[in-house]
Each structure stands twice: as structure tokens, then as C-alpha cells.
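Student: Below you will find the structure I want to go over with you.
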């Protein structure tokens, strides 16, 4: 309860708007809209610089028409439209040949502007009021023309600013319309998600077959809904298994409880109670309840155990189990032999694997016949354990049923019908498999993943 309370308090402190998909999409779209508007403003500012350069290029070509590097540069006009012009002459090798008297120093050579297609993908802002453009002369020399274009710049700024204001009057209602359109699109996009969430919330123990429909969901949400459906399938299967387990347990416990009740009634009425029979019935009851609890625990661990957490020395487990069961075999005049390789190690819990071996050996004792042979060996990266007796074995069509709960080879036998079910669950939880060997009806084979000693 404290952990649940802490989790609830943490959830209350968390701001739900930070996790809202609607808010995130809305913010993302508004940012895109703002970036588009900012890109438009930058583009207009870049347009001003391009206009300034283009106007100066036209003026430069007009005043330098017919000029060569050997021409008299003093004939070039030093003003245009009331603004001063400056010149710097560079040779084809990039050396300064001459610059006009109204310049303090030569203008920097800029030949990139002469390259065709060099400006469509890049923009170089013009700083200050003085700009310069290159003019290629017929003999390969370059004449840099410099001009203070304060008047043109002010005129262009005024025109662009007016254009931007006019655009803003259009952009504001368009922006508001875009926000409303975005909200509508969000509602339209998330409507199937809300329907799926409402349907998932309505699924209860009485409606385990209902699933989230995938047809109307967005493609990006379908993997999540599909995973939720698979989780519901597993939960439904587990819930059905639990109900079957409870029903089977109640059914199987009814008979021994009835027998025990009859024994108790006979003991009360008899002068000499049959204490041995009562003890036998109690022992059988304890055994049945213990196996039920163990099976419930193992089934609860199915799919949650992580292989590699524990390793067991299988050779030791087999020998200990055979030693424990040997007196019972000798009491029934049955032979039990063991042939196990040394150093067999696999994933799994030592005590649980010992429970596996004890159940398998007990099954061979109660339902088998003749000599029982236990072998353990390495094969193809696994530990293979084989328990074989000389009985008739299990028919092919009944082998799988023997691993079901409360399944017995012979009705009325001493067993509870839970031993092999427990064996399969423990082995599968350890990452292995168990079954009757093909072609040998009286041989049970257990395969566990081999590992190294830690």
C-alpha cells in the first residue's frame, strides 16, 4: 500500500500537459509556422541585399562599358546619381593594378559573384552602407566598383517594410485560421485513439474477448494497439488458465476431502480408529495441496524468469535425486541405475530441478515397470537427461495429455496427476523442454540449456 500511495502521489505531482500528445503536436506545428514566417522575413531581408547588388551591377556595367585594363581609368566617373563611386583594378592573376584616389585602400577582390549559378543556394548579407561588385573586363582583368548606396537602401527598406506590413495583415488571419485548422486536424487525428482508449478501458473480466480495432487507427499508433491486444490475449489466456486451475483443484480436492471426512466419522464411531488410514489420507492430502501450490507458483513465474540468474550443477542434482529415491525402489524390489557425465551445468534453480528429477523418478516408480535407468550427457549445447524404464510406456496419442494437470495414466493410481505438469512448467521456465522420446514410449527426455560454471 505505501508503494501504491507513493506512485499515486508522484502521478499527481506530474504535470499532465507535459505528456499530452495533442499539446506536443500543436507546439510542433506552431513552431513550424513560426519558422516559416521567420524564413519569409529573412528572405525579404536577403532580397533587399540582392536588389542593392543588382542595381549596382547595372550601374557598374553602364559606367565601365568599353573599358580595358590598359584604358585610362581616370575617365571613369567618380559619382553616379549623386553618390560617389570608387574603383579598384585587379589583374587576371589577382594583383592590384590601380585604385581610384577617393578610396583609402583597394577594395577586396570578389570573383565569386561572377560565377554563374553561384548565388542561388547561398546568401551573403551586405554590411554597412558601402557595397562593391566585380566587373570582368574583356582581357580578363577585374574591376571592383564600390559605391555608397544609402539612398537606394533607404528606399528599398521602406518598400519592403510596407510590403511586410501588408503581408502581416494577411498573415494574421491566415495564422489564426491555421491554428483552428491545426486544432481540428488534431481532433480528427486523435479521435480513433480516444475511441480505442475508451474501448480498452471498458474491457473487464466479463469481456476478455474484446480487442482494440486496428483499422481506423493511424499507422504510427497501430504497433502500440497491437501490442496492447497481444497483452490482452496473454491476460485472457492467463485468466482462463487460473479459472481452469481453480475448477480443477476444487474438483480434485473434493474426493480426498470426502474420503477424509468419512474416515473421521468412522474414527468417531469406532472404538479402534484406523489411524494408519487416516495418516495415509492426510499425507495424500498434504501432498496434493503442496503440489497444487508449487504448480500455481511455477505457472505464475512463466514468462517472467530471466535465464542466467541461477545455474545448477545437473550432475549433482541427478545423483542426489537418485540417492533419495533409491530406498523406495528397493522397497518395491525395483532396480535404479544412474550414468551421468561429470561437470554438467545448466540454467535453473537447484531445488526446482531436484523437484523435477524426484517427480520424474516417482512417475517411473508408480507407473513404470522393471529396471529404471537415468542418463545425463551433453549434446548440441544442451544437457540431455533421459529416464527410461521397462514398462509399456505411454501411447503416442496420450503423451501430450500426460503433462496436463490431474492427468493420470491409470485412474485410481497413487499419484496426484500433477507431477509431470510441474515438471514441464519448471523445465520451460528454465528455458528447456520435456517430452517422451520418439520411438521409445517408456523414455522421458529433458533438455536444458548448457552453460559454464560461474
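Student: For residue 176, are the conditions met, namely being in a helix (DSSP H, G or I), modelled with pLDDT of 75 or more and over 16 Å from residue 29 (Cβ atoms)?
Tutor: The answer is no for residue 176.
Student: Which residue is modelled with the lowest pLDDT, if the candidates are limited to segment 94-135 and must be loosely packed, with under 13 Cβ neighbours inside 10 Å and touching a strand residue (DSSP E or B) at 6+ places or on another chain (Cβ under 6 Å)?
Tutor: Looking at the filtered set, the residue picked out is 114.
Student: Name the residue that is surrounded by the fewest Cβ atoms within 10 Å (Cβ to Cβ), counting only residues in segment 71-93 that are within 17 Å of residue 140 (Cα to Cα) and in contact (Cβ under 8 Å) with a residue 24 or more places away in the chain.
Tutor: For segment 71-93, the residue satisfying everything is 92.
Student: What tally of residues in segment 188-236 results from selecting those that are loosely packed, with under 11 Cβ neighbours inside 10 Å and within 18 Å of residue 25 (Cβ to Cβ)?
Tutor: 4
Student: Sticking with this one: Is it the case that segment 83-91 has a residue that's farther than 12 Å from residue 145 by Cα, at pLDDT 80 or above and in contact with a strand residue (DSSP E or B) (Cβ under 9 Å, 6 or more places away or on another chain)?
Tutor: Within segment 83-91, one or more residues are farther than 12 Å from residue 145 by Cα, at pLDDT 80 or above and in contact with a strand residue (DSSP E or B) (Cβ under 9 Å, 6 or more places away or on another chain).
Student: Determine which member of the set 160, 169, 186 is closer than 30 Å to residue 51 by Cα, touching a residue at least 40 places away in the same chain (Cβ under 8 Å) and outside the structural domain of residue 227 (by TED's automatic domain parsing). Can you show your working first?
Tutor: Working: 169 fails: touching a residue at least 40 places away in the same chain (Cβ under 8 Å); 186 fails: closer than 30 Å to residue 51 by Cα.
After ruling out the rest, the residue left standing is 160.
Student: Of all the residues that make up segment 46-70, how many are in a loop (DSSP other than H, G, I, E, B) and surrounded by fewer than 16 Cβ atoms within 10 Å (Cβ to Cβ)?
Tutor: 4
Student: Do you know which residues across segment 392-423 are at pLDDT 70 or above and either assigned to a loop (DSSP other than H, G, I, E, B) or over 25 Å from residue 353 (Cβ atoms) (or both)?
Tutor: 392, 393, 394, 395, 396, 397, 398, 399, 404, 418
Student: Collect the residues in segment 287-338 that are exposed (fewer than 12 other Cβ atoms within 10 Å of the Cβ), in a loop (DSSP other than H, G, I, E, B) and at pLDDT 70 or above, keeping them in residue-number order.
Tutor: Hits for segment 287-338 are 332, 333.
Student: Conditions: (1) out of contact with any helix residue (DSSP H, G or I) (no Cβ under 8 Å at 6 or more places or on another chain); (2) modelled with pLDDT of 80 or more. Residue 55 meets all but one. Number of the miss?
Tutor: It is condition (1) that residue 55 fails.
The values are calculated or read from the model by the stated rules, or taken from the named source; none is laboratory data. Keep in mind that what you see is a predicted model, and the values were worked out from it rather than measured. Quick reminder, even Gly has a Cβ in these numbers, built from the backbone with ideal geometry, and neighbours come from all protein chains shown.
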